[in-house]
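> Dumping the structure here so I can ask a few things about it.
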Amino acid sequence: MMERSSKFISLSGLSGVMAGIYALIGGYFGYKLVYQDGGLHYRDYYVNDPAILWQLFFIALAILVFSIGTGIWLTIRKAHKKGENVWNSGSKRLFVNLSIPLVSGGLFILILFFRGSYGIIAPACLLFYGLALVSGSHYTFTDVKWLGFCEIILGLLAALMPGYGLIFWIAGFGLLHILYGSIMYFKYDK
């Protein structure tokens with residue numbers, strides 16, 4: 001009972017799976033744009049092409065909108081099935097603790113984008129998202145913290161390997177979300 005009042009436990013595991021699927025679909029289109037010849041070697045002239053970059057930006061934005069929309073819808077649905085209020089003290093604290101690193105990271109990424117520092121955008125996405133998850137994990141399932149740590153590790157690896165940010169981005173936002181969402185679904189939703 002105490003955990004219910006202090007933590008937000010209506011997160012849906014399926015929303016993690018769906019976010020991962022959206023990221024894989026978007027990653028496929030992004031991969032086709034960046035690695036047009038099918039190889040994985042670094043293609044600087046594709047990555048710095050403004051037309052390609054804007055397309056990547058809109059793909060990422062679509063993934064974000066679909067992921068958040070699906071997450072909200074599935075979480076509300078799960079809360080209603082359990083007879084819980086979605087907007088409670090736990091969800092408010094979770095929202096605040098997720099928002100601070102996400103908003104500051106999002107603004108930092110936009111600054112990188114408009115300043116032409118494209119190579120560090122994918123690692124920054126993973127790092128700030130991971131930090132947000134670790135920060136928010138105090139107000140929801142502990143499993144969220146481990147997803148956050150994995151995202152941070154992938155972000156650091158992506159920073160070490162310039163030119164492969166998209167591959168790490170796909171692994172972090174696609175594969176890790178599907179794995180995490182599946183674990184959460186079978187652990188808490190079934």
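The values are calculated or read from the model by the stated rules, or taken from the named source; none is laboratory data. Small disclaimer: the values here were computed from a predicted structure and weren't measured. Ideal geometry is used to build each Cβ from the backbone, glycine not excepted, and the neighbour counts take in all protein chains shown.
> Does Val65 satisfy the condition of being surrounded by 12 or more Cβ atoms within 10 Å (Cβ to Cβ) and either at pLDDT below 90 or in a helix (DSSP H, G or I) (or both)?
Considered against the rule, which asks whether it is surrounded by 12 or more Cβ atoms within 10 Å (Cβ to Cβ) and either at pLDDT below 90 or in a helix (DSSP H, G or I) (or both), Val65 comes out as no.
> Related question: Is it fair to say Leu74 is in a helix (DSSP H, G or I) and either modelled with pLDDT of 95 or more or out of contact with any helix residue (DSSP H, G or I) (no Cβ under 6 Å at 6 or more places or on another chain) (or both)?
No, not satisfied.
> Would you pick out the residues in the stretch 84-118 that are closer than 17 Å to Ser137 by Cα and of a type in the set (D, E, K, R)?
Lys92, Arg93
> Quick one: would you say Leu179 is in a helix (DSSP H, G or I), modelled with pLDDT of 90 or more and under 15 Å from the mean Cα position of the chain (by Cα)?
Answer is yes for this residue.
> Return the only residue of Leu131, Leu126, Leu112 being surrounded by fewer than 19 Cβ atoms within 10 Å (Cβ to Cβ), assigned to a helix (DSSP H, G or I) and not β-branched (Val, Ile, Thr).
None of the other options fit; the residue is Leu112.
> Still on this structure, please answer the following. Give me a count of the residues in the stretch 134-154 that are among the hydroxyl-bearing types (Ser, Thr, Tyr) and part of a loop (DSSP other than H, G, I, E, B).
2
> Taking Gly105, is it assigned to a helix (DSSP H, G or I), at pLDDT 90 or above and crowded, with 17+ Cβ neighbours inside 10 Å?
yes
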